[in-house]
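Structure, as structure tokens:
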Amino acid sequence: MWLRALELADEADRLQRQFLRYIGPGPDAARWEPPVDVHETEDGLLLLFALPGVAPEDIEIHLGRTALTVSAVRRVKLPERGAVIRRLEIPHGRFVREIALSGAALKIAESQYLNGCLEVRLVPAEGLE
């Protein structure tokens with residue numbers, strides 16, 4: 001029963017992020033949050049962010065002591081001049097996703113962008129505690 005309650009809380013949190021996005025006053029305001037899978041491995045953490053249509057050169061990754069932050073802009077692309085958008089379901093605009101971290105200091109071992117997904121591997125940072 002407790003596991004089901006935790007699952008429901010996670011789902012509610014995800015839905016809140018998806019539907020109750022903060023749209024601030026300026027063009028730099030975050031408009032959406034990408035979904036992320038977080039896996040704990042023997043070596044550290046593996047995070048997989050779903051970023052369809054985001055150009056790799058637009059992605060910024062920042063690792064602080066208490067959080068990993070990924071941000072970028074997904075631009076709306078029209079297939080041709082004069083095209084009319086009839087439906088737009090894939091989020092676009094600027095996003096920021098912050099993942100809280102606790103415990104020992106971590107460092108980015110590697111990151112790669114493949115098939116619309118950003119994979120970030122975090123490992124313990126020796127001597128940074």
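A few comments on the model shown:
- Region 61-107 - percent of accessible surface contributed by carbon and sulfur, probe 1.4 Å: 49
- Near Asp58, once Lys and Arg are set to +1 and Asp and Glu to -1 for all other residues with Cβ below 12 Å from its Cβ, the sum equals +1.
- Cβ crowding within 10 Å averaged over residues, with 110-121, 85-96, 44-55 ranked highest first: 44-55, 110-121, 85-96
- Region 24-129 shape via C-alpha gyration tensor axes, a/c threshold 1.5: prolate
- Scanning residues 5 or more positions from Cys117 or on other chains, those with amide H under 5 Å from its amide H are Leu51, with H placed 1.01 Å from N in the peptide plane.
- Whole-Hz Karplus values for region 36-42 come out as 9, 9, 10, 10, 8, 10, 4 Hz, taken residue by residue from phi with 6.51 cos²θ - 1.76 cosθ + 1.60 and θ = phi - 60°; glycine and proline positions read x.
- Distance between the modelled labels on His62 and Asn115, one decimal in nanometres: 3.1 nm (7 Å Cα→Cβ projection).
The values are calculated or read from the model by the stated rules, or taken from the named source; none is laboratory data. The structure displayed is predicted, hence computed values, not measured ones. Note that we place each Cβ from the backbone using ideal geometry, even for glycine, and neighbour counts take in every protein chain shown. Note: accessible area is taken over every heavy atom of the protein model, side chains too, but ligands, DNA and RNA are not part of it. Shrake-Rupley method; radii C 1.70, N 1.55, O 1.52, S 1.80 Å.
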